[in-house]
Amino acid sequence: MAETGDSKVLVQPAQETSRVLFVAVGVCALIAVVSVIIAAVALSRPSTPNITVNGGNTGTSSGGGMSYNPSLVASTGSGGRIWSISIGHDWGLYEYINTTGYLAGFSHDLIDAVCKAAGANCYTIWDPYTNCMDSEAGQHTHGGQGLLDRWYDACWGWEQTVTRVQIVSFSKPFIKSDPSYFWYKKGMTFNENDVSNKKIGFLDGWAQDEKCLARLTAITGSSSITVIHALTPTDLNDKIQNGQVDAAFASEPAMTGFTDVLTRSSTVRLCSIGGNGMMTRKDSTFNAMWNIGFDKIVSNGKFKELCQAAGTKHGSDSRGYIVGCVDT
């Protein structure tokens, strides 16, 4: 017993010690129970990933070109690298939606062949083109959020331009540079060498932008145009038909499906410094893998075979019948 002033306090060391020990034992028991529960839950979960590709379609789709194989990924375990590739749906016979609703086109055929040749696991992801590369009226082109934020490893079939090579990296080209033209409504007239005070339409993120038009010194009046952007070729054609733009400046593959309602200018213009290839972030190793696989299918003749078969397999009056494969 200890005294402090007029108060007296009784201290019982043995009782206090037993109370502390009781609390400690209780805490340890609680931790043990929680650990057992966590371990049981972890063991009950599947060890392989559940990945949904192209709206739930796994394996090789009827649209072709998807080389992602869930059983192969499961067999390789966590050490198997899976490469994801962004593709679109509105680019002639390169990329479209088939009659069953699946994505299809030459892009899928090439992805499938190259990834198999490289021994790589690849799958495609549909995403708007602007998430690979984007531009806004009056602004410089910039990398798309999807590519730069690592939603996927690469974007298929993008041209090398002065602006793009300062933002991203490219694989070896497999498609020749797209020829570019002015496109305007049938029955109308348009002076392709003087665009002064005209409303000119462009596709967001594509190589044929207002900066390219400004560099084409043979065309006068580009500094006085009204710039109007569209997200897809279909949107751009709609703007031409309803009079929102006087003419569009776009590639031939982009506008091939609208030749029944559009007139194409006669002079070929180029906006690229290299052909179309895989486009990646500068810190990515994807292109090294891709180039190995691509070289293999060039050497064994598979690339030429795919190019020759594309018109029959994917061509139509609205999509065209020719792919512009590079000479090998």
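Readers should treat all values here as calculations from the given coordinates under stated rules, not as data from a laboratory. All figures in this text were calculated on a predicted structure; none of them were measured in a lab. Heads up, the Cβs are rebuilt from the backbone with ideal geometry, glycines too, and the neighbour counts pull from every protein chain shown.
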### P(r) weight above 14 Å for segment 217-277, C-alpha pairs, percent
63 percent
### Message
Taking 0.36 nm per residue of sequence separation and subtracting the Cα-Cα distance, how much length would be gained by fully extending the chain between ASP149 and LYS282, in nm to one decimal?
### Response
46.6 nm
### Task
Could you pull out every one of the lysines with an alpha carbon less than 25 Å from that of LYS176, ignoring same-chain neighbours closer than 8 positions?
LYS116, LYS211, LYS282, LYS296, LYS302, LYS304, LYS313
### Query
Order of 113-119, 303-309, 275-281 by packing, highest average Cβ count within 10 Å first?
275-281, 113-119, 303-309
## Note on the structure
Other residues with Cβ under 13 Å from the Cβ of TYR94 give, with Lys and Arg +1 and Asp and Glu -1, a net charge of -3
### Sites ALA309 and THR226 - FRET efficiency at Förster radius 45 Å, r taken between beta-carbons, to 0.05
0.55
### Message
Considering all projection directions equally, how large on average is the shadow of the alpha-carbon convex hull of segment 161-230, in square nanometres?
### Response
5.9 nm²
### Query
For VAL261 and ASN291 in the same chain, what is the full-extension length gain: residue separation times 0.36 nm, less their Cα-Cα distance, in nm?
6.9 nm
### Neighbourhood charge, 11 Å Cβ-Cβ cut-off, centred on PHE170 and excluding it, Lys, Arg +1 and Asp, Glu -1
+2
### Rg to Rh, two decimals, where segment 114-264 supplies the alpha carbon set and Rh follows Kirkwood
1.00
### Message
Within 12 Å, Cβ to Cβ, of PRO179, how many net charges do the neighbouring residues add up to if Lys/Arg are +1 and Asp/Glu are -1?
### Response
0
### Task
Quickly work out the THR328-to-SER316 label distance, labels modelled 7 Å from Cα along the C-beta direction, and quote it in nm with one decimal.
2.7 nm
### Task
Show me 171-181, 237-247 ranked by packing, highest mean number of other Cβ atoms within 10 Å first.
171-181, 237-247
